[in-house]
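The values are calculated or read from the model by the stated rules, or taken from the named source; none is laboratory data. The model shown is predicted, which means the values in this text are computed figures rather than measured ones. Cβ: placed from backbone, ideal geometry, glycine included. Neighbour counts: every protein chain shown.
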Amino acid sequence: MSDVPAGLETLHFTYHCSQTVGAFAPVLVGVVGSGNLEVMLEAVDGSTCDVQVDTSARGFGAIWQAVMDDFHARHPLGGVRISINDMGATPAVVSLRLDQAIAELKGGQP
């Protein structure tokens, strides 16, 4: 038996940014399914990037922190709320979906 309780785990991360994105239509990429996840970006007031992760893979907070720190180092954008609904995606898939969302936000530009 595992010591990790059943059910979703919710994680929160906040990054302070000097550059804000400005207004944009919400962006949604990915699909919630086994080994995958969906990422939604929404414009918010302020200069922070707030991230909420709802994941079925409990006990991986340190790995999520590392993936989100890497993402923020590559894309230090404020005024954004990121919502992630995860069904056990690997860190590589998480990074891919986040990069896809940023590309969509920038109109398909990498």
I need the full set of residues from region 79-96 which are buried (at least 18 other Cβ atoms within 10 Å of the Cβ) and under 15 Å from Glu42 (Cα atoms), in order please. Gly79, Val80, Ile82, Ile84, Asn85
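State yes or no: is Gly35 in a loop (DSSP other than H, G, I, E, B), in contact with a helix residue (DSSP H, G or I) (Cβ under 9 Å, 6 or more places away or on another chain) and exposed (fewer than 13 other Cβ atoms within 10 Å of the Cβ)?
Working: in a loop (DSSP other than H, G, I, E, B): yes; in contact with a helix residue (DSSP H, G or I) (Cβ under 9 Å, 6 or more places away or on another chain): yes; exposed (fewer than 13 other Cβ atoms within 10 Å of the Cβ): yes.
The answer is yes for Gly35.
Rundown of residues vs (1) closer than 21 Å to Pro26 by Cβ; (2) touching an Asp or Glu at 6+ places or on another chain (Cβ under 9 Å); (3) assigned to a strand (DSSP E or B), yes/no style:
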position: Ala57; (1), (2), (3): no, yes, no
position: Ala62; (1), (2), (3): no, no, no
position: Gln65; (1), (2), (3): no, no, no
position: Ile82; (1), (2), (3): yes, yes, yes
position: Ala92; (1), (2), (3): no, no, no
position: Leu96; (1), (2), (3): yes, no, no
Residues located in region 11-32, provided they are under 12 Å from the mean Cα position of the chain (by Cα) and among the polar types (S, T, N, Q): Thr14
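Which one of these is of a type in the set (Gly, Ala, Ser) and farther than 19 Å from Glu104 by Cβ: Ala43, Ala57, Ala25? Lay out the reasoning, then the answer.
Working: Ala43 fails: farther than 19 Å from Glu104 by Cβ; Ala25 fails: farther than 19 Å from Glu104 by Cβ.
Testing whether each residue is of a type in the set (Gly, Ala, Ser) and farther than 19 Å from Glu104 by Cβ leaves just Ala57.
Tally time: how many residues in region 40-55 are on the phi > 0 side of the Ramachandran plot and not in a loop (DSSP other than H, G, I, E, B)? So that I can check it myself, show each step before the final result.
Step one: filter region 40-55 for residues on the phi > 0 side of the Ramachandran plot, giving 46.
Still in the list and also not in a loop (DSSP other than H, G, I, E, B): none.
Total meeting the criteria: 0.
Determine whether Thr48 is in contact with a Gly (Cβ under 7 Å, 6 or more places away or on another chain) and not aromatic (Phe, Trp, Tyr).
On the way: in contact with a Gly (Cβ under 7 Å, 6 or more places away or on another chain): yes; not aromatic (Phe, Trp, Tyr): yes.
Criteria met by Thr48.
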Within region 16-32, count every residue that is at pLDDT 95 or above and buried (at least 16 other Cβ atoms within 10 Å of the Cβ). 2
